[in-house]
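Colleague: Dropping a structure here in structure tokens format, bear with me for questions.
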Amino acid sequence: MEKKECFSPFQAWHKIIFLATGIFLPFLCMLILGIETSCDETSAAVVKDGKEIVSNVILSQNTLHREFGGVVPEIACRAHLESIIGIIDNALCDAKMQLKEIDAIAVVNTPGLIGALLIGVTAAKSLSMILNVPFIAVDHLQAHIYANNLEYHDILYPAISLVVSGGHTILFLSESETRHIPLGWTIDDAAGEAFDKVSKILGLGYPGGPIIDKLAKNGNPHAATFPRAYLGKDSLDFSFSGLKTAVLYYYEGQNARSSKVTISDNQKVSDIAASFQEAVVDVLVEKTFMASKRYNVRGVLTGGGVVANSRLRQRFKDKSKELAIPVYCPSALLCTDNAAMVAGLAYKKYLEGDISGLDLEAIA
């Protein structure tokens with residue numbers, strides 16, 4: 001498909017000025033419709049000037065995937081197809097506006113489930129063509145980092161950013177709201193995936209993160225000694241597969257083969273949950289502040305579903321006070337996959353002239 005950029009006449013003048021002078025003029029009031037379908041949440045949101053959330057509608061698929069203990073791609077894609085139009089309508093309705101009032105369309109095109117991404121990208125392209133407005137592609141991980149900017153207005157750069165979710169655990173050196181350099185990532189399971197798998201081992205259900213967080217509050221985090229995989233001395237990478245296996249052996253018994261030896265006492269299960277959670281949190285906090293010291297940054301940003309974990313938030317708060325480094329954690333709603341963070345980041349990309357063509361592809 002031939003690359004095409006769609007603008008209204010007023011928006012076209014902004015592009016001309018940017019190309020001629022390097023200065024991109026913002027609208028007096030710019031409304032961006034964001035779309036998020038990277039995994040198992042269908043979301044649409046309207047954000048004004050990259051900061052003000054006018055609406056943010058999120059439809060979770062947890063009930064659809066619960067019986068399988070994890071996200072089933074085919075089910076996720078079908079659910080996105082069935083709900084995407086209604087979710088966009090609801091976002092516009094909540095914002096009390098019509099589609100014609102939207103100034104640009106933003107969408108996550110990477111990373112994620114390829115089928116799910118394609119649904120969002122196709123919907124966004126169609127709206128961009130119909131409305132003749134800019135089409136802006138957004139990286140899902142960078143959008144999680146930007147969620148902080150929707151709630152905090154005193155963030156200074158450079159900063160270390162930790163994105164930790166069901167599919168990702170990664171550290172970035174963030175030079176600005178739109179420029180992020182990867183420093184380290186998981187070599188096996190993501191932290192959120194480990195929470196889900198341990199929850200399944202303990203027979204607690206899905207999604208595992210909120211369940212373990214709740215149980216751990218009544219448990220002893222030092223009851224079981226689980227490994228912390230720091231890898232090399234200076235490594236900023238992560239590994240949680242060994243921790244998950246250690247929990248399995250502790251729960252079922254090291255040599256259990258023919259019969260399953262389970263721990264049925266509720267207090268003991270809570271202790272295992274607390275000890276596992278503490279092991280994950282130790283590594284996440286330690287490596288994040290190791291990176292902050294190495295790169296002499298001005299703050300720490302966090303994002304992703306695991307950041308909703310109460311113990312992780314408390315440990316970041318404590319470490320922030322100890323080292324006098326500001327740490328920013330989005331509210332629980334903005335930790336989940338949501339379109340407000342997509343639309344917000346898209347505004348900053350628009351100001352920099354980073355606008356996508358309609359030949360854009362989804363990338364898993």
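Colleague: Please work out which one of (1) modelled with pLDDT of 95 or more; (2) over 20 Å from residue 99 (Cα atoms) is the condition residue 14 fails and give its number.
Modeller: Going through the list (1) modelled with pLDDT of 95 or more; (2) over 20 Å from residue 99 (Cα atoms), residue 14 breaks only (1).
Colleague: Which of the following residues is surrounded by 20 or more Cβ atoms within 10 Å (Cβ to Cβ), part of a helix (DSSP H, G or I) and among the charged types (D, E, K, R): 100, 125?
Modeller: 125
Colleague: Only one of these is more than 19 Å from the chain's Cα centre (by Cα) and either buried (at least 18 other Cβ atoms within 10 Å of the Cβ) or free of Cβ contacts under 8 Å to residues at least 12 places away in the same chain (or both): 67, 41. Name it.
Modeller: Being more than 19 Å from the chain's Cα centre (by Cα) and either buried (at least 18 other Cβ atoms within 10 Å of the Cβ) or free of Cβ contacts under 8 Å to residues at least 12 places away in the same chain (or both) holds for just one of 67, 41, which is 67.
Colleague: Could you please give the count of residues in the stretch 209-225 that are under 17 Å from residue 306 (Cβ atoms) and not small (Gly, Ala, Ser)?
Modeller: Residues that pass the stated criteria total 8.
Colleague: Let me ask another. Taking interchain pairs and intrachain pairs at least six residues apart, which have beta carbon atoms under 6 angstrom, with the first residue in the stretch 293-311 and farther than 13 Å from residue 325 by Cα and the second β-branched (Val, Ile, Thr) and open to solvent by 20 Å² or more (accessible area, probe 1.4 Å)?
Modeller: 305/336
Colleague: Working only within the stretch 151-163, note down all residues that are under 16 Å from the mean Cα position of the chain (by Cα) and crowded, with 23+ Cβ neighbours inside 10 Å.
Modeller: Those that are under 16 Å from the mean Cα position of the chain (by Cα) and crowded, with 23+ Cβ neighbours inside 10 Å: 160, 161, 162, 163.
Colleague: For a quick check of your reading of the model, give me the residue pairs whose first member lies in the stretch 111-126 and is within 13 Å of residue 363 (Cα to Cα), whose second is open to solvent by less than 50 Å² (accessible area, probe 1.4 Å) and among the aromatic types (Phe, Trp, Tyr), with beta-carbon atoms closer than 9 Å and at least 6 apart or on different chains.
Modeller: Sorted first by the residue in the stretch 111-126, then by its partner, the list stays empty.
Colleague: List pairs: first residue in the stretch 353-364 and farther than 12 Å from residue 128 by Cα and of a type in the set (Gly, Ala, Ser), second residue outside any loop (DSSP other than H, G, I, E, B) and open to solvent by 70 Å² or more (accessible area, probe 1.4 Å) anywhere in the structure, Cβ distance under 7 angstrom, at least six positions apart or on different chains.
Modeller: Filtered contacts from the stretch 353-364: 362/114; 362/118; 364/114.
Colleague: Which of the following residues is over 22 Å from residue 352 (Cβ atoms) and either open to solvent by less than 20 Å² (accessible area, probe 1.4 Å) or among the basic types (Lys, Arg) (or both): 86, 184, 166, 115?
Modeller: Sole residue among the options that is over 22 Å from residue 352 (Cβ atoms) and either open to solvent by less than 20 Å² (accessible area, probe 1.4 Å) or among the basic types (Lys, Arg) (or both): 184.
The values are calculated or read from the model by the stated rules, or taken from the named source; none is laboratory data. Worth saying up front: this structure is predicted, and the values here are computed from it rather than measured. Neighbour counts are summed over all protein chains in view; Cβ atoms, including those assigned to glycine, are modelled from backbone coordinates with ideal geometry. These accessible areas exclude ligands, DNA and RNA; they are computed on the full protein's heavy atoms, side chains included. Shrake-Rupley method; radii C 1.70, N 1.55, O 1.52, S 1.80 Å.
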